[in-house]
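The values are calculated or read from the model by the stated rules, or taken from the named source; none is laboratory data. Here the structure is a predicted model, which means the values were calculated and not measured. Because the Cβ atoms are built from the backbone with ideal geometry, glycine has one as well, and the counts that use them run over all protein chains shown. Ligands, DNA and RNA are stripped out before the accessible areas are found, and what is left, the full protein with its side chains, is counted by its heavy atoms. Shrake-Rupley method; radii C 1.70, N 1.55, O 1.52, S 1.80 Å.
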Amino acid sequence: MKIASSNDPTFDKHFASLNAAKAKDLGNEFASEFLETACQQSSRKCDERTTFGELSDVYHPESTVSLVKMSVLLLESALADLFLRCRRDKLGKNCNGKEFREYINSDDLQKLLWNKQGCVDNNCVDIDQYGEGQTKYSIMNFQRNPHNYTLQEIGSYNTKKGILEMTTPPQNITWNPKILNFENDVPLSICSSTCKMGQRQKQMGYDNSRCCWICEDCSKHEYTNITMIDGLPNYQCQQCEKYTESKLYIYTSPVQSGDGCEKIVPQSMDVTDPFTIVILTLDVVCLLLTSALLVIYVKNKTHRLIKATSLELSYIIWFGVIFSYVSLLFYFLPLQTGCKSPGDCNNASPNTYWCYLQFLTFSLSFTTINAPMLTRVNRIYRIFKTGKKSAAKPKFIETKYQLIIVGVLVAVQVSTTLLY
């Protein structure tokens with residue numbers, strides 16, 4: 001849209017009569033350069049006496065000149081009012097030149113432009129008491145012609161009278177395909193559409209206007225909370241809260257409709273599920289293989305290679321590996337609330353203490369594998385480091401001290417797990 005304006009006949013007559021020589025005499029270097037460029041684009045031969053009016057295939061009158069004249073008239077009227085105020089404030093003393101320039105205040109000048117009207121050739125702009133321009137706007141449409149693209153006027157809108165006049169039928173208007181949908185050939189004339197559940201309103205505009213917004217999806221842990229502001233629904237995202245039940249935290253998640261939250265019900269593995277059966281089978285097979293390797297290890301414990309691996313620490317590692325496979329069984333055994341048999345576990349929820357046991361056994365098996373390995377590496381490091389300096393044996397490298405260190409590390413892990 002643009003402010004409606006028409007050609008200014010007086011200016012068009014003056015500009016059409018300009019040639020290169022006359023433009024230079026008037027000091028209008030821009031017009032002189034523009035005329036030279038227009039001659040290069042025109043099919044007509046030019047000389048110094050050629051005028052803009054003779055280049056009709058290149059030169060076209062500019063309608064925005066009337067807008068410039070309108071602005072100058074409005075500013076002239078405001079400055080005149082400000083000058084009268086200056087003379088009144090100075091009690092009739094001199095208010096010319098430097099004194100008036102110092103008196104001018106941009107805020108006062110802006111307010112004096114309010115409630116003003118500027119008219120040029122029946123094209124008027126009224127500035128209301130809020131500083132908003134009330135005038136007639138031309139509605140333009142960007143269209144493609146056989147040879148180029150042009151802006152075509154398809155209607156007008158008078159903001160002061162609130163009158164919309166369309167001179168072109170909707171089917172002849174070129175629409176942006178990105179704002180159309182499969183149901184309408186003409187886009188919906190709305191500022192913002194109502195958001196869906198699971199979305200929130202993001203206000204648009206520099207002043208966060210309540211009139212216009214875009215809809216954004218809430219995060220996966222939020223639902224849509226609708227409140228009324230100034231009589232209008234306001235869609236905002238709200239975090240699903242957790243609450244305490246039987247000294248336990250109960251978490252919630254958004255429902256499918258997006259208008260609330262529901263309790264997250266803990267689900268246990270179903271031992272009759274094919275995936276569970278495969279996992280359990282692999283776990284039992286690995287447990288049997290590890291046990292068989294442990295038997296071989298114990299039978300050959302006097303071998304020098306096995307003795308060099310710190311036999312006692314190796315036993316703890318073996319125990320940790322076996323215990324890790326055993327701990328996996330705690331995630332599938334039907335020892336849960338509301339689950340008395342394997343076939344009755346589909347809707348069962350894990351028992352609270354059983355969940356604690358699952359977490360404790362997993363972390364304990366992890367620690368019993370890594371604590372001996374850390375202790376063994378530290379022992380070897382200290383032996384080699386001390387050996388470079390002296391032949392004395394390092395302290396605390398005996399087996400009992402190594403077992404104490406492992407016990408402390410495991411105790412720290414168990415305490416941390418219980419406190420957590």
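Here are a few things to note about the model shown:
- Amide H contacts under 5 Å for LYS160, placed H, 5+ residues apart: THR135
- Over region 66-153, equivalent-ellipsoid semi-axes from the Cα gyration tensor in Å: 39, 13, 11
- Two-site FRET efficiency, SER363 against ILE229, from Cβ-Cβ distance with R₀ of 45 Å, rounded to 0.05: 0.35
- Between LEU294 and CYS215, the FRET efficiency from the beta-carbon distance, with R0 = 56 Å, is close to 0.35.
- HN-Hα J in Hz across region 2-8 - Karplus 6.51, -1.76, 1.60, θ = phi - 60°, x for Gly and Pro: 9, 5, 5, 8, 10, 5, 8
- Potential lengthening between LEU419 and VAL284 on full extension [0.36 nm per residue; Cα-Cα distance subtracted]: 45.5 nm
- Among the listed pairs LYS111/LYS160; LYS22/LYS111; LYS90/LYS161; LYS69/LYS98; LYS301/LYS393; LYS2/LYS196, a Cα-Cα separation exceeding 31 Å is found for LYS22/LYS111; LYS90/LYS161; LYS2/LYS196.
- FRET efficiency, VAL408 to ASP259 (Cβ-Cβ, R0 51 Å, nearest 0.05): 0.45
- Rounded to the nearest Hz, the phi-derived 3J(HN,Hα) couplings of region 23-36 under the Karplus curve 6.51 cos²θ - 1.76 cosθ + 1.60 (θ = phi - 60°) are 5, 5, 4, 7, x, 8, 5, 5, 4, 5, 5, 5, 5, 5, where x marks glycine and proline.
- Taking every protein chain into account, the accessible area of region 1-120 amounts to 67 square angstrom per residue (probe 1.4 Å).
- Shape summary of region 14-89, radius of gyration then Dmax from alpha carbon positions: 18.4, 62 Å.
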